[in-house]
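Taking it in order: structure first as structure tokens, then the write-up.
We did not get these values from a lab; they are worked out from the coordinates using the rules stated. Just so we're clear, the structure is a prediction, and the values are computed from it rather than from any experiment. So basically every Cβ, Gly included, is an ideal-geometry build from the backbone, and we count neighbours across all protein chains shown.
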Amino acid sequence: MKKIFVSFILLLILNNFSAQAQETFEVADIRVEGLSRISAEAVFSYLPVGVGDEMDEEKSRHIIKALFKTGFFKDIELQQEAGVLVITVVERPSIAEIRVTGNRDLDDERIDQMLDEAGLVEGRIISEASLERFVHELNNYYVSRGRYGSEVESAITPLDQNRVGVDIQIEEGRVARVREIRFVGNTAFEDGLLRKKSAFDGNVWTNLLFGRNKFSQEKLDSDLESWRSFYLDRGFLEFEIVSNDVSIGPNKEDVVLTIVLSEGVRYRVGRIAVDGTEVIPAAAVRDLLEIQEGMVFSRRAVMASRVAIEKKFADAGHAFANVNPVPELNRDSKVVNIAFVIDPGPKVYVRRINIAGNTATQDVVIRREMRQMEGALYSGQKIQRSKERINRLGFFEEVSVGVVPVPGATDEVDLNFDVAESKTGNLLLGVGYSDDERGFIQAQVSRKNLFGSGRALEISLDRSQIKQAYELEYVNPYYTADGISRGIFARQKNVDAGVGTTAGYIANSSTFGLRYRIPTSEYNALDLSGAYENIELIGIDSTPAEYTSFIDKHPSNKGAVITAGFARDTRDRIVFPRRGYLNKIAAETAVPGSDLEYYKLSVRARWYRPLAKDLVLGLSGTVGYGGGYGDAGQLPFYKNFFAGGASSVRGYAAGSLGPRTAAQSAGDPLGGSRRLLANANLYFPVPGLENGDNTRLSLFMDAGQVYGDAEPMSFSDLRASVGVAFNWFTAIGPLALSYGLPLNAEASDRTRKFQITLGTLFR
């Protein structure tokens with residue numbers, strides 16, 4: 001209809017021109033009237049005629065077309081006056097302002113980007129067609145987000161000086177929810193099992209709290225791939241999704257999905273052929289396969305086998321090895337034969353390692369963590385380990401590695417390590433809370449990467465109801481060139497245990513010493529430290545008899561303490577690791593001749609393994625044992641082990657487990673010379689924050705107990721709990737929230753189901 005109208009207008013204009021100029025004429029001059037914003041020179045540049053040209057009806061049509069095509073004008077009239085071609089135009093108005101209201105799901109920045117792409121910018125000439133396209137694209141966006149009830153309306157308001165205002169009103173509507181998923185054609189698997197593979201599937205609580213059943217095209221596309229992978233991993237090689245239909249309810253807020261499937265038949269694996277190479281013999285390649293003859297075909301197992309083989313070749317220097325699994329279907333016998341065709345490619349050496357992105361950190365700090373060396377044979381394992389070690393420095397938010405072939409060479413590559421630096425200097429002034437210390441105030445100045453050297457300096461003040469602590473520590477991680485680190489520390493600590501949950505006493509201590517870490521292999525290290533301690537003990541009104549006798553004998557104690565430990569750490573990362581383990585044995589002992597002679601031994605093991613893409617199982621166990629030798633004959637009570645609370649057995653009050661004062665059956669906790677702890681955690685992302693690296697939810701089971709000198713260590717005395725925890729590494733420190741349900745608490749036990757820790761490290 002618009003095209004017809006425009007044609008009619010053109011006809012009128014041409015008729016008007018021809019009425020005054022029935023005959024051709026020579027253009028003596030050209031004059032343009034009606035211009036306000038657009039220059040005459042700009043108009044002349046679009047004209048297909050010039051002074052001296054012969055003017056006729058055909059050229060008039062060309063002028064009209066050329067000027068309308070610019071989009072600058074809404075009306076054009078041609079006349080001739082004594083050989084002068086007069087062009088009278090009416091300019092289209094310009095956009096004075098654009099107002100968008102009602103958008104909540106779509107942020108202003110994205111809307112501005114869409115307006116710019118549509119050519120709708122303040123100061124530009126308005127185009128009704130561009131506005132219509134923008135409204136259409138905006139509607140499509142909301143539909144893709146499941147907002148089928150959305151409405152987008154636009155209005156153009158005339159203003160003075162040939163300008164207009166553009167108003168875009170958005171009614172987003174509610175996101176439609178998937179009320180039902182119907183499957184057609186499935187016989188091998190029930191509807192309920194297939195629904196569990198859907199991103200829309202959830203119980204009443206997950207749907208209510210996190211909106212799992214909210215529809216979006218992105219989630220549907222993900223579901224289609226999930227169902228396809230599900231069938232392919234269970235032998236259905238010819239599986240197809242015939243169609244997927246989205247039915248919208250009358251209220252535009254209910255969606256029913258109908259998925260039509262063609263399952264095909266289930267295939268088992270027949271023969272597996274593997275190419276042998278000089279690099280890796282065929283038998284060694286077969287040992288890497290996750291797919292085996294006779295088992296039900298699984299695409300996941302085939303791809304995992306492919307990755308394992310390529311990784312093996314990469315570790316042997318063949319950076320560009322290509323493994324192609326070729327299936328051969330026998331439909332009669334329902335068997336698929338698989339041939340792994342291997343092209344090892346050339347053996348590759350690393351010419352150069354380039355580092356980028358480190359503006360503050362010195363190159364040497366990064367290079368000394370490298371396990372892949374320049375000029376050496378390419379090793380995928382060493383490159384991955386280099387990346388892990390750089391990540392574990394804690395100086396970078398992200399570390400990426402690119403492999404770049406060297407131009408003109410088939411056997412050389414360059415490695416590009418790109419890092420994104422994080423803040424390594426902190427000035428912390430804040431408050432925190434933990435079960436054992438209650439409220440506390442912290443002031444801390446730290447620099448983990450001092451002057452970009454990788455060295456660390458920390459000065460801290462920690463004051464709470466229980467303690468006042470002042471500490472200074474300086475660490476050089478490469479005190480020697482082969483990676484021995486050295487730390488120097490000094491600490492002043494005053495403790496008033498009577499304010500807390502344990503038995504009361506006052507201890508004032510001063511400590512200073514040296515700490516060394518000696519790597520013995522890639523994953524193993526020996527820890528050694530020596531310190532001088534000066535401890536003053538004071539009894540108070542609440543000090544129990546079990547402590548008073550010790551304080552009377554040893555009110556002031558000086559001596560040297562040596563700590564030695566051995567650790568093996570294969571974790572892929574420090575914060576929320578996905579795989580690996582940390583095993584640590586440590587021993588602390590006073591040097592013979594000190595005022596108090598004692599020893600403490602502890603063994604700790606932590607193990608992590610991914611169970612699924614976003615599901616990690618963490619297991620840990622701790623055994624502690626202490627005692628005295630020489631004249632002391634016992635472990636000093638302020639060195640006792642404690643259990644209970646956010647860092648050991650959740651659901652029980654901090655430090656509350658184990659021996660109590662004899663004054664009453666539910667007296668104050670005394671701690672003990674022996675301790676058993678065990679923890680199991682199932683970690684998974686917080687719904688809605690799946691891509692966040694600093695938050696996790698976990699289901700846990702804790703067990704533990706502390707034992708006195710005269711008590712037998714019995715598993716039957718262990719206290720246990722189960723619950724859920726939220727862990728978050730915030731900008732001001734770690735935050736842990738947990739709800740623990742004690743399983744076998746006795747009447748005298750102090751339980752605390754909800755626990756919070758802010759500003760101190762958690763498990």
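If you take the alpha carbon atoms of the stretch 425-758 and fit the smallest convex hull around them, that volume is 144 Å³ per residue. Beyond 20 Å, the tail of the calculated P(r) for the stretch 268-343 holds 27 percent of the Cα pairs. Restricting the stretch 219-260 to trypsin sites (Lys or Arg not before Pro) that sit in a DSSP loop and have at most 16 other Cβ atoms within 10 Å of their own Cβ leaves Lys252. Go through Lys493/Lys639; Lys584/Lys639; Lys467/Lys639; Lys196/Lys252; Lys387/Lys613 and tell me which ones have a Cα-Cα distance over 23 Å in this structure. Checking Cα-Cα distances, Lys196/Lys252 exceed 23 Å.
Taking max minus min of the alpha-carbon positions on each principal axis, the stretch 580-658 gives extents of 56, 28, 12 Å, largest first.
Take 34-45, 380-391 and order them by the average number of nearby Cβ atoms within 10 Å per residue, most first; the result is 380-391, 34-45. Think of the stretch 286-343 as having a plus end and a minus end, set by charges on the Cβ of Lys, Arg, Asp and Glu; of Ala316, Ile338, Val296, Val296 sits farthest toward the positive end of this dipole.
Calculate the translational D of the stretch 177-262 in whole µm² s⁻¹ from Stokes-Einstein, where the hydrodynamic radius comes from the Kirkwood formula applied to all Cα pairs, the temperature is 37 °C and the viscosity 0.692 mPa s. The Stokes-Einstein estimate is 245 µm²/s.
Here is the list for the stretch 584-693: trypsin sites (Lys or Arg not before Pro) lying in DSSP coil, each with at most 12 other C-beta atoms within 10 angstrom of its C-beta, are Lys613. When the Kirkwood hydrodynamic radius is evaluated over all pairs of different C-alpha atoms of the stretch 479-609, what value in angstrom, to one decimal, is obtained? Kirkwood radius, the stretch 479-609: 17.3 Å.
Across the stretch 349-421, the mean sequence separation of Cα contacts (distance under 8 Å, 6 or more residues apart), normalised by length, yields a relative contact order of 42 percent.
Taking each residue as 0.36 nm, the span from Thr187 to Asn476 lengthens on full extension beyond its C-alpha to C-alpha distance by 97.6 nm. Compared with the direct C-alpha span, the chain from Asp245 to Glu397 gains 50.5 nm at full extension, assuming 0.36 nm per residue. Once the chain from Ala587 to Ala564 is taken as fully extended at 0.36 nm per residue, the excess over their C-alpha distance is 7.7 nm. Over the chain, DSSP H runs of length four or greater, each weighted -39,500 (n - 2.57), average out per residue to a 222 nm ellipticity of -5500 deg cm²/dmol. To the nearest 0.05, what FRET efficiency results for Val296 and Leu619 with a Förster distance of 22 Å applied to their C-beta separation? For Val296 and Leu619, the calculated efficiency is 0.10. In units of the compact-protein estimate 2.2 N^0.38 Å, the stretch 301-395 shows a Cα radius of gyration of 1.52. Helix 128-144 versus the longest principal axis of the chain: what angle, 0 to 90°, nearest 10, using Cα atoms? Value to nearest ten degrees: 30.
Once you sort the root eigenvalues of the Cα gyration tensor of the stretch 534-608 as a ≥ b ≥ c, which label holds: rounded (a/c under 1.5), prolate (a/b larger than b/c) or oblate (the other case)? In terms of gyration-tensor shape, prolate. Since only Ile585, Gly483, Ala662 are under comparison, the one whose Cα sits farthest along the positive direction of the charge dipole of the stretch 425-758, derived from C-beta charges on Lys, Arg, Asp and Glu, is Gly483. Kirkwood-type hydrodynamic radius, the chain: 33.9 Å, calculated from all non-identical alpha-carbon pairs. Rounded to the nearest 20, the size of the Cβ-charge dipole of the stretch 43-141 about its Cα centre is 100 debye, with Lys and Arg at +1 and Asp and Glu at -1.
Entry note, the stretch 233-284: relative contact order of 36 percent, from Cα contacts under 8 Å with a spacing of 6+ residues.
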